[in-house]
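The values are calculated or read from the model by the stated rules, or taken from the named source; none is laboratory data. If you're wondering where the values come from, they're calculated on a predicted model, not measured in any experiment. Ideal geometry is used to build each Cβ from the backbone, glycine not excepted, and the neighbour counts take in all protein chains shown. Heads up: the accessible areas ignore ligands, DNA and RNA and are worked out on the full protein's heavy atoms, side chains in. Shrake-Rupley method; radii C 1.70, N 1.55, O 1.52, S 1.80 Å.
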Amino acid sequence: MGGPRIGVLGGTFDPVHIGHLVAAVNARAALALDRVILMVANIPWQKTGMRTVSSAEDRYSLVAAAVGDVAGLEAGRLEIDRGGVSYTADTLVSLADLHPGASLFLIVGWDVAAELTTWERWEEIQQHATLVVVNRPGAGRPAGLDDNGWRVEEVTVPNLEISSTDLRERAATGRPLDYLMPVAAVHCLRVMDLYATGR
Ligand code: ATP
Ligand code: MG
């Protein structure tokens, strides 16, 4: 009791967008979390082989720019510093070691919540964290959330039909990114020249 309450919103963030940020701040407020870490995956095992993923450092820069000085939000580089393929189970174990007495909360959208039991050592995730499920357009609320033994909190957030996939397509075809990402993150993306046509 009384230890810090730490939220983790894991993702590829290729690129980060306001859907991620709105989910993070609303989960933080609803569950009185001290901080929410947007944890940048080093090598996202779900996405390798599917498409080219931007470098972890570039994705981290985008998240750091997006978070700026918003209270209680931070960009996390634990998975980058660990190297290799990123598994959330390892991340939660590290955080539990780093912050003894903390309560950990793993924040996921409906799309991810539906597939959690396919994740590496998901039972370990379950031991270390309360699952925080937020609504996401394009995916339905997964059934059976309570059946697999998770501690679950559901947080309703504004429905934002925004995805990194759409943002990459927008960038590649010269359509606007403004207001779908924080200004500083758009600037960072332009400077790094990410998602240009043909990539
Ligand atoms: P991609 O299209 O490349 O898969 P994405 O937009 O889904 O990107 P991810 O990095 O895959 O972003 O997602 C990280 C986490 O953020 C996941 O738990 C996902 O469900 C959640 N999330 C992403 N976009 C939204 C959104 N618009 N509303 C609520 N949750 C979201
Ligand atoms: Mg996704």
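Kindly provide log₁₀ I(q)/I(0) values, in the same order as q = 0.09, 0.14, 0.15 Å⁻¹, from the Debye equation applied to equal alpha-carbon scatterers of the chain. Summing over Cα pairs of the chain leads to -0.31, -0.79, -0.91. Label-to-label distance, Glu123 versus Glu161, with points set 7 angstrom from Cα along the beta-carbon direction: 4.1 nm.
About its Cα centre, the chain has a charge dipole of approximately 400 debye under the convention of +1 per Lys or Arg Cβ and -1 per Asp or Glu Cβ, with nothing else charged. Taking every protein chain into account, the accessible area of the chain amounts to 48 square angstrom per residue (probe 1.4 Å). The radius of gyration of the Cα set in region 10-65, together with its Dmax, comes out at 12.4, 38 angstrom. Region 132-178: percent of C-alpha pairs farther apart than 17 Å? Counting pairs separated by more than 17 Å, the tail of P(r) holds 51 percent. Approximating the spin labels as points 7 Å out from Cα along Cα→Cβ, the Asp97-to-Glu154 distance works out to 3.6 nm. Using Cα centres only, tell me the gap between region 155-199 and region 6-22 in whole Å. Computed from Cα coordinates, the inter-centre distance equals 13 Å.
Under 5 Å between amide hydrogens, built in the peptide plane, is the criterion, and for Asn135 it picks out Val155, Val157 among residues at least 5 positions away or on other chains.
Computing the accessible area with a 1.4 Å probe over protein heavy atoms, can you report the carbon and sulfur percentage for region 41-199? Please list the in-between numbers first.
Values: 4150 of 8250 Å².
Reported share for carbon and sulfur atoms: 50 percent.
Answer rounded, prolate or oblate for region 81-176, using the Cα gyration tensor with square roots of eigenvalues a ≥ b ≥ c: rounded when a/c is under 1.5, else prolate when a/b is larger than b/c, else oblate. Note, shape of region 81-176 comes out oblate. Normalised by residue count, region 59-136 yields a Cα convex hull volume of 121 Å³ per residue.
Over all distinct Cα pairs, what is the inverse of the mean 1/r for region 18-104, reported as the Kirkwood hydrodynamic radius in Å?
After inverting the pairwise mean of 1/r, the radius is 13.9 Å.
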